[in-house]
Number of protein chains: 2
Amino acid sequence: MPELSVSQFSLVYNMLSLAIAAMLGSFAFFVMARSQVSLRFRPALVMSSLVVGIAGYHYWRIFGSWDAAYRLNDAHTAYVATGKPFNDAYRYVDWLLTVPLLVAELVAVMTLPKGKRGAIMGKLIIASALMIALGYPGEVSNDQATALLWGTLSSVPFAYILYVLWGELSKSTAGESGEVNILLRNTKLLLIGTWGFYPITYILGIESLGLVSGANAVVALQVGYSLADIAAKCGYGLMIYAIAQARMAAAGETVDGTAAQAAH
Amino acid sequence: MPELSVSQFSLVYNMLSLAIAAMLGSFAFFVMARSQVSLRFRPALVMSSLVVGIAGYHYWRIFGSWDAAYRLNDAHTAYVATGKPFNDAYRYVDWLLTVPLLVAELVAVMTLPKGKRGAIMGKLIIASALMIALGYPGEVSNDQATALLWGTLSSVPFAYILYVLWGELSKSTAGESGEVNILLRNTKLLLIGTWGFYPITYILGIESLGLVSGANAVVALQVGYSLADIAAKCGYGLMIYAIAQARMAAAGETVDGTAAQAAH
């Protein structure tokens, strides 16, 4: 780990703490928000809660690992490595659990025939777990060829997920109301926009390519990952909640699952 | 960090612990109180819970940072700095997440046409996030001119928030019952009264102005911020709850959202 200035260390430290607060705050929100949607949308809210709950745990660990990896030097002018390794594997463990849930969440708020929904969800969950698992050997390797090989293998399920979400699912949402369609489109854009960040970071992180290095690279990676995770988990979950609300409004549905007309 | 007497250190220490207890206690209250209000007021209670839950997390961290920043000297007569920096940035991260929620909470208990509510809430959330983000560079700067520049920039969205709350929202509440109107007025006064504390503290904290300094200043700031946060978050949330109850009573509404007359 390179030496960091006090403000560089603090920026990462505070960004990791922000991520903990955002994840745990979102967890409380999604748990409580279940009672604000009708029965058919509750599974999506449950998945949103699990994603941010699991991520909150991992950010707590990453924060602790960051704090243990550095100490203030004796002159109080900079942070130097303690020698204890900073454990970046927490991120991969987190993604292995949360990414399949994120794609399942999106499928859960879409209108799909019951049989088709299970099949699509199954394919996407397997593809997303494969994507993370194939990326990991490349991330921990110091060999450029190995990193590129596993990175390329990991891109195959990544491309497959995009193909399914864009192609098959776009077809199935043709009958939705205008507001629901706009929200679904924005959610898919958010998913692609935030997910696009991870392969870029992966390539930048291959040290032998010499694309970035030193203290700035460490800071940029941690800040970038944290912001991307907040957008891809908390922001994405809020969009899923908004889709559920818009679909309830379009169908005239109340939270207990009855149509609004019937209640009058 | 200046040397503190044992009682000065302990006063801050116990005040930070009081804030943790107040925030986490309020979190439990607002989560449970959701079932005491009708459906339309639950989003406001959810927001109150998130505010105090997130603040509880940050006070937990601030408490830990305070404890790590000082140690008892060998003669056990005073507290001296350990050299580990006291991280005041937790407060800014907290405000960045909670202040937009606080303004949204107030809008959520007011009677506004559905379209207008979203527009006002959006403007206030953006303005309040901007207010916090613009204040931060000034708070961390040691340069008087920089601090005053960012402080002034931060005042623009602050003034805008006051203008919207006082002007537009006062108009929209003209049709409310006497009790509801008094509660809404008191809540706005509490909001302005507590929020007014933060810019005063910001100006006092610019060391080169020489307004306050030394141990007393450190103690006054921490005690002042903690008391202001308890009033602006727990007290304010209780007022929002009282407004929801008064509005339910005025409309003859029960907790399941039906009119009281129909239930008789």
*What list of ³J(HN,Hα) couplings, whole Hz, do you get for region A:47-62 from phi and the Karplus terms 6.51, -1.76, 1.60, once you set θ to phi - 60° and write x for glycine and proline?*
5, 4, 4, 5, 4, 6, x, 5, 5, x, 4, 5, 5, 4, 5, 5
*Part-to-part distance (alpha-carbon centres) for region B:145-209 and region B:55-69, which is given in Å*: 27 Å
*Which distances in nm, rounded to one decimal and ordered from shortest, link the label point of A:SER7 to the equivalent label points in the other identical copies, with labels set 7 Å from Cα toward Cβ?*
4.0
*Provide the three semi-axes, in whole Å and in decreasing order, of the ellipsoid equivalent to region A:64-117 as defined by the square roots of 5 times the Cα gyration tensor eigenvalues.*
45, 10, 5
*Please state, to two decimals, what the Cα-based radius of gyration of region B:27-99 comes to when divided by 2.2 N^0.38 Å (N = residues).*
1.61
*Quick one, can you get me the convex hull of the C-alpha atoms of region A:23-62 expressed as volume per residue in Å³?*
37 Å³
*Short version: ³J(HN,Hα) in whole Hz for each residue of region A:225-236, in order, from phi by Karplus 6.51 cos²θ - 1.76 cosθ + 1.60 (θ = phi - 60°), x for Gly and Pro, what are they?*
4, 5, 5, 5, 5, 4, 5, 6, 10, 6, x, 4
*What 222 nm value per residue comes from the helices of the protein assembly as shown, counting each DSSP H run with n ≥ 4 as -39,500 (n - 2.57) and dividing by all residues, nearest 500 deg cm²/dmol?*
-24000 deg cm²/dmol
_Over region B:121-190, equivalent-ellipsoid semi-axes from the Cα gyration tensor in Å_ = 32, 11, 9
*Whole number please: convex hull volume per residue of the Cα set in region B:1-139, in Å³?*
102 Å³
*To two decimal places, what compactness ratio does chain B give when its Cα radius of gyration is scaled by 2.2 N^0.38 Å?*
1.12
*Nearest 10 degrees, 0 to 90: helix B:144-163 Cα axis against chain B principal axis*: 10 degrees
*Inter-copy separations for A:ALA129, label at 7 Å along Cα-Cβ, nm, ascending*: 3.5
*Take every Cα-Cα distance within the protein assembly as shown, group them into 20 Å bins from 0 onward, and report for each bin the whole-number percent of pairs it holds.*
19, 50, 28, 3
*Over all directions, what mean area does the Cα convex hull of region A:111-250 project, stated in square nanometres?*
9.1 nm²
*Using modelled amide H (1.01 Å from N, peptide plane; none on Pro or chain starts), what sits under 5 Å from the amide H of B:GLU253, excluding residues fewer than 5 places away?*
B:ALA260
*So, with a 1.4 angstrom probe, what is the percent of accessible area on chain B that is carbon and sulfur?*
66 percent
*Hey, for B:ALA78 with labels 7 Å out along Cα-Cβ, what do the inter-copy distances come to in nm, ordered shortest first?*
3.3
*Considering the options A:ASN14, B:MET131, A:HIS76, tell which one lies farthest towards the positive end of the dipole of the protein assembly as shown, charges being +1 on Lys and Arg and -1 on Asp and Glu at the Cβ, about the Cα centre.*
B:MET131
*asked:* Going Cα to Cα from A:LYS123, which lysines come in below 30 Å? Please leave out same-chain ones fewer than 8 positions away.
replied: A:LYS114, A:LYS171, A:LYS188, A:LYS233
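The values are calculated or read from the model by the stated rules, or taken from the named source; none is laboratory data. Remember, predicted model here, so these are calculated numbers, not experimental data. Cβ coordinates were reconstructed from backbone atoms using ideal geometry, including for glycine residues, and neighbour counts include every protein chain displayed. Please note that ligands, DNA and RNA were not included when accessible areas were found on the heavy atoms of the full protein model with its side chains. Shrake-Rupley method; radii C 1.70, N 1.55, O 1.52, S 1.80 Å.
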